[in-house]
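Colleague: Before I ask anything, let me first share the structure, which is written out below as structure tokens.
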Amino acid sequence: MGKKSRQRAKNTTPTVTLDPADLEDVGPREPCPCGSGKRFKQCHGKERAQAADAFVVRPFEGLPAECDLIAFREIVPSGTVQVELAGEKVDAQYAGKTVNLVTLLPMAMPGLVRDDDSIWIGLQTHASSGDPSRDLGHAITAALHTEPGNPIQLGDLMKDGPRLQDLIDTTKPLEVKVHEGFDYWVGENVEDPTGEVAAGLERANAAAAPTVRLESVDAAYWTQIGDRIYLRWVLPHTEDTLLDALARLHAAGSSALVDGSRLIGSFRALGVLAPVWELPAGTQAADVEKPAAEFAAALEKALATDAPLTTDERAAKAGLASRQLTIR
């Protein structure tokens, strides 16, 4: 008898292109709709797993108010921003529809559609892929097919699904609002929530640290956490460029915002840095408005400087780099 071939038979299953809509309700263990005979998770469902693993360093790049969106996702307790649907990937029937992006929804749900057909999408959720922009696009798409009065039900993420940049009008500025609590959860038509709704709202409001967005500069947030007061400022510059500029100011003794304040480090989140200043006790948001504007002007000059860092500036940069905390 001749020897059996050690080579595996080639896969003769023809390549089939499926409409993403045909895959929305397919379970991972069900037969793949392409007819290959394989389970979905072993066939076309692999694309979804690959989409969840994709990592985007700066997912909100190119969006208006990019730094505010990052702040809402990472450090601001309660806030809302309205966006308008537009673009080639938006069905004509939904063009111009308003979507509310919010920091947090009850139980960190990804989104809901209220009885009045308004859409609310959460930025701070339990699970996400490596591309928060695609997660939001996925949630918005699901919301458009959700009956009013229900939370959205997310299917598996598709790698060719729309990102937030594909779904909203990026030519319009976004109106960013910070709230004292989460009363927007219950809507304007509910005057006095009761039961579990009232209890959950009370707990959420009690846990929200007081936060104010400065008006003199973009994406800078005053906050009080316990007895300590901070300013956290999300900036759009690349990390190394920003650290160079901050180091120049720090070495020159110009990194403080107000007397008694100090630059204590920075968060690294979604591709940018958010420097953090600790402020003296009793400092209010209004007290930081003018100093923040003046610091922004000084920072722009430092950013425009291309001379090599001095010895003191290199030491300052090393110190600042060692006091970074990566959030995402």
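Colleague: Any idea how many residues of the stretch 287-305 are of a type in the set (Ser, Thr, Tyr) and surrounded by 16 or more Cβ atoms within 10 Å (Cβ to Cβ)?
Modeller: 0
Colleague: List every residue pair whose Cβ atoms lie under 6 Å apart, where the two residues are 6 or more positions apart in sequence or sit on different chains, the first residue falls within the stretch 212-228 and is touching a residue at least 12 places away in the same chain (Cβ under 8 Å), and the second residue, located anywhere, is surrounded by 18 or more Cβ atoms within 10 Å (Cβ to Cβ) and of a type in the set (D, E, K, R).
Modeller: Once the first residue is touching a residue at least 12 places away in the same chain (Cβ under 8 Å) and sits in the stretch 212-228, its partners that are surrounded by 18 or more Cβ atoms within 10 Å (Cβ to Cβ) and of a type in the set (D, E, K, R) give ALA219/ASP68; TYR221/ARG213; TYR221/ARG232.
Residue-wise test of (1) of a type in the set (A, V, I, L, M); (2) in contact with a strand residue (DSSP E or B) (Cβ under 9 Å, 6 or more places away or on another chain); (3) without any contact (Cβ under 8 Å) to a residue 12 or more places away in the chain.
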{"site": "ALA65", "(1), (2), (3)": "yes, yes, no"}
{"site": "PRO77", "(1), (2), (3)": "no, yes, no"}
{"site": "VAL83", "(1), (2), (3)": "yes, yes, no"}
{"site": "GLU88", "(1), (2), (3)": "no, no, no"}
{"site": "TYR94", "(1), (2), (3)": "no, yes, no"}
{"site": "PRO106", "(1), (2), (3)": "no, yes, no"}
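Colleague: Go through the residues of the stretch 239-247 one by one and say whether even a single one is free of Cβ contacts under 8 Å to residues at least 60 places away in the same chain, surrounded by fewer than 22 Cβ atoms within 10 Å (Cβ to Cβ) and closer than 12 Å to LEU299 by Cβ.
Modeller: Scanning the stretch 239-247 turns up no residue that is free of Cβ contacts under 8 Å to residues at least 60 places away in the same chain, surrounded by fewer than 22 Cβ atoms within 10 Å (Cβ to Cβ) and closer than 12 Å to LEU299 by Cβ.
Colleague: Can you name every residue in the stretch 87-103 that is modelled with pLDDT under 95 and either among the acidic types (Asp, Glu) or surrounded by 18 or more Cβ atoms within 10 Å (Cβ to Cβ) (or both)?
Modeller: Scanning the stretch 87-103 gives GLU88, VAL90, ASP91.
Colleague: With the requirement that a residue be of a type in the set (Asp, Glu) and part of a helix (DSSP H, G or I), what does the stretch 286-328 give you?
Modeller: ASP287, GLU289, GLU294, GLU300, ASP312, GLU313 - these are the residues of the stretch 286-328 that are of a type in the set (Asp, Glu) and part of a helix (DSSP H, G or I).
Colleague: State whether the residues of the stretch 186-194 include one that is under 27 Å from the mean Cα position of the chain (by Cα) and either more than 26 Å from VAL99 (Cβ to Cβ) or surrounded by 13 or more Cβ atoms within 10 Å (Cβ to Cβ) (or both).
Modeller: yes
Colleague: While we're here: Just name the residue that is nearest to VAL57 (Cα to Cα) out of those in the stretch 306-328 that are exposed (fewer than 11 other Cβ atoms within 10 Å of the Cβ) and not acidic (Asp, Glu).
Modeller: So, considering only residues that are exposed (fewer than 11 other Cβ atoms within 10 Å of the Cβ) and not acidic (Asp, Glu), the one nearest to VAL57 (Cα to Cα) is THR326.
Each row is one residue, and each column tells you yes or no for (1) under 17 Å from ALA251 (Cβ atoms); (2) touching a Lys or Arg at 6+ places or on another chain (Cβ under 8 Å).
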{"residue": "GLU278", "(1), (2)": "no, yes"}
{"residue": "THR283", "(1), (2)": "no, no"}
{"residue": "VAL288", "(1), (2)": "no, no"}
{"residue": "ALA293", "(1), (2)": "no, no"}
{"residue": "LEU299", "(1), (2)": "yes, no"}
{"residue": "THR305", "(1), (2)": "yes, yes"}
{"residue": "PRO308", "(1), (2)": "yes, no"}
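The values are calculated or read from the model by the stated rules, or taken from the named source; none is laboratory data. Computed from a predicted model, the values in this text were never measured in an experiment. Heads up, the Cβs are rebuilt from the backbone with ideal geometry, glycines too, and the neighbour counts pull from every protein chain shown.
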